[in-house]
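Structure record follows, encoded as structure tokens.
The values are calculated or read from the model by the stated rules, or taken from the named source; none is laboratory data. What you see is a predicted model, and the numbers here were worked out from it, not measured in a lab. Cβ placement follows ideal geometry from the backbone for every residue including glycine, while neighbour counts extend to all protein chains displayed. The protein model used for the area step is the full one, side chains on, heavy atoms only, and it has no ligands, DNA or RNA in it. Shrake-Rupley method; radii C 1.70, N 1.55, O 1.52, S 1.80 Å.
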Amino acid sequence: MQRYYREKLSNFKQWEHQYNAKKGLIFEYNLGSRLSIDETSLSQGELYTIITNKDAKGKRGSLVAIIEGTKSENIIPFLEKVSLKARKRVEEITLDLAGNMGLIARKCFPNAVQVIDRFHVQQLASEALQEIRIKYRWEALDIESEAIEQSKKTGQPYQPEILENGDTIKQLLARSRYLLYKWRENWTHEQQERALILFHKYPLVEKAYELTQELSWIFTNTKDKIYGLTRLAKWCEKVEQSGFKSFNSISRTINIHYKNIINYFDNRSTNASAESFNAKIKAFRSQHRGVRDINLFLFRLAKIYAYPTTI
């Protein structure tokens with residue numbers, strides 16, 4: 001059936017790109033004033049750069065370009081096949097913190113305001129917080145291993161410390177993972193109890209949690225660009241005073257990219273549409289149990305998301 005679909009039903013054999021789609025496809029008529037750029041993996045770690053039209057809202061007409069690789073020196077010449085006049089009509093493009101994406105956006109869409117996705121910045125803070133939790137967890141595992149070895153030498157059974165909520169130290173640190181992603185008011189009763197114990201035993205985790213939530217609060221509640229810049233600057237000062245090395249890396253990243261980060265406060269644009277489109281590609285790939293023929297896969301992707309009518 002799959003072979004019959006490819007050879008007869010799909011019109012794939014009449015498609016002009018059936019042999020070269022793997023290198024990349026551009027659909028200039030889908031170019032809009034607001035774009036997203038991101039990368040995705042199609043098969044066995046092969047990365048593709050994808051540009052989507054935000055105004056299409058993930059439906060037909062969303063796909064503007066899908067190009068093999070992520071290197072700017074390969075992507076830029078490919079996108080320059082689109083007329084400069086059309087590319088100059090792009091007013092805004094959202095992207096992540098990758099330097100190559102910024103270069104592609106600057107070279108190919110010279111009039112577009114670059115907006116670095118707020119969720120990528122927040123993700124860095126969440127990862128730094130989890131890094132501190134994991135560090136304590138490894139320490140707890142080491143202490144437990146030493147205690148077990150010592151108990152074997154003495155012939156006494158090992159009894160781990162049981163906390164007020166019934167967790168051991170190791171369990172406390174493992175089970176606290178998800179509560180650290182949530183606002184305090186969204187914690188369940190069990191999570192509140194666990195967080196109280198966690199923060200009492202590890203005050204640095206609470207300090208890092210507060211920094212993470214404050215960064216999220218800035219993006220959620222700030223409406224004005226100037227206020228956003230001021231609040232981010234104050235947040236970076238707090239990070240420097242905290243002494244967290246991992247958070248200092250985030251602070252430096254914000255200082256380097258602040259011009260594009262604060263552009264978020266103009267229209268509150270994010271790269272969520274690109275992430276959503278990537279999720280659709282992954283679901284499509286999973287549904288068909290992987291990608292055996294990339295040219296055929298791209299044909300089917302284009303048929304759904306690129307062409308204004310079915311082909």
Quiz item: (1) over 30 Å from Lys259 (Cβ atoms); (2) surrounded by fewer than 18 Cβ atoms within 10 Å (Cβ to Cβ); (3) not hydroxyl-bearing (Ser, Thr, Tyr): which one isn't true of Ala195, the others all being true?
Solution: (2)
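Criterion first (touching a strand residue (DSSP E or B) at 6+ places or on another chain (Cβ under 8 Å) and under 22 Å from Glu91 (Cα atoms)) does Gly32 satisfy it? Steps first, answer last, please.
Details: touching a strand residue (DSSP E or B) at 6+ places or on another chain (Cβ under 8 Å): yes; under 22 Å from Glu91 (Cα atoms): yes.
So Gly32 passes the test.
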Quiz item: Any residue at all in the range 289-307 that is in contact (Cβ under 8 Å) with a residue 60 or more places away in the chain, in a loop (DSSP other than H, G, I, E, B), under 21 Å from Asp117 (Cβ atoms) and open to solvent by less than 70 Å² (accessible area, probe 1.4 Å)?
Solution: no
Quiz item: Does Ser216 satisfy the criteria of being small (Gly, Ala, Ser) and over 23 Å from Gln122 (Cβ atoms)?
Solution: no
Quiz item: Taking the range 255-269 only, how many residues are free of Cβ contacts under 8 Å to residues at least 24 places away in the same chain and either in contact with a helix residue (DSSP H, G or I) (Cβ under 6 Å, 6 or more places away or on another chain) or open to solvent by 90 Å² or more (accessible area, probe 1.4 Å) (or both)?
Solution: 2
Self-check item: Among the candidates Lys225, Lys207, residue that is more than 30 Å from Gly166 (Cα to Cα) and either charged (D, E, K, R) or open to solvent by 20 Å² or more (accessible area, probe 1.4 Å) (or both)
Solution: Lys225
Quiz item: Which residues, taken from the range 228-245, are within 20 Å of Val205 (Cα to Cα) and open to solvent by less than 70 Å² (accessible area, probe 1.4 Å)?
Solution: Trp235, Cys236, Val239, Ser242, Gly243, Phe244
Quiz item: For the range 6-30, which residues satisfy the criterion of being under 27 Å from Leu84 (Cβ atoms) and either open to solvent by 40 Å² or more (accessible area, probe 1.4 Å) or of a type in the set (Ser, Thr, Tyr) (or both)?
Solution: Glu16, His17, Asn20, Lys22, Lys23, Ile26, Glu28, Tyr29
Quiz item: What are the residues in the range 37-64 that are within 19 Å of the chain's Cα centre (by Cα), basic (Lys, Arg) and assigned to a loop (DSSP other than H, G, I, E, B), if any?
Solution: Lys57
Practice problem: Residue by residue through the range 258-281, note down the ones that are more than 17 Å from the chain's Cα centre (by Cα) and either at positive phi or outside any loop (DSSP other than H, G, I, E, B) (or both). | Solution: Tyr258, Lys259, Phe265, Asp266, Asn267
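Every residue, every condition in (1) of a type in the set (A, V, I, L, M, F, W, C); (2) closer than 30 Å to Asn100 by Cα, yes or no:
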{"position": "Ala174", "(1), (2)": "yes, no"}
{"position": "Arg177", "(1), (2)": "no, no"}
{"position": "Lys182", "(1), (2)": "no, no"}
{"position": "Glu210", "(1), (2)": "no, no"}
{"position": "Leu215", "(1), (2)": "yes, yes"}
{"position": "Gly228", "(1), (2)": "no, yes"}
{"position": "Lys245", "(1), (2)": "no, yes"}
{"position": "Tyr258", "(1), (2)": "no, yes"}
{"position": "Arg268", "(1), (2)": "no, yes"}
Self-check item: Residues of the range 31-42 classified as free of Cβ contacts under 8 Å to residues at least 24 places away in the same chain and surrounded by 19 or more Cβ atoms within 10 Å (Cβ to Cβ), total
Solution: 0
Quiz item: What tally of residues in the range 196-219 results from selecting those that are in contact with a Lys or Arg (Cβ under 8 Å, 6 or more places away or on another chain) and free of Cβ contacts under 8 Å to residues at least 24 places away in the same chain?
Solution: 1
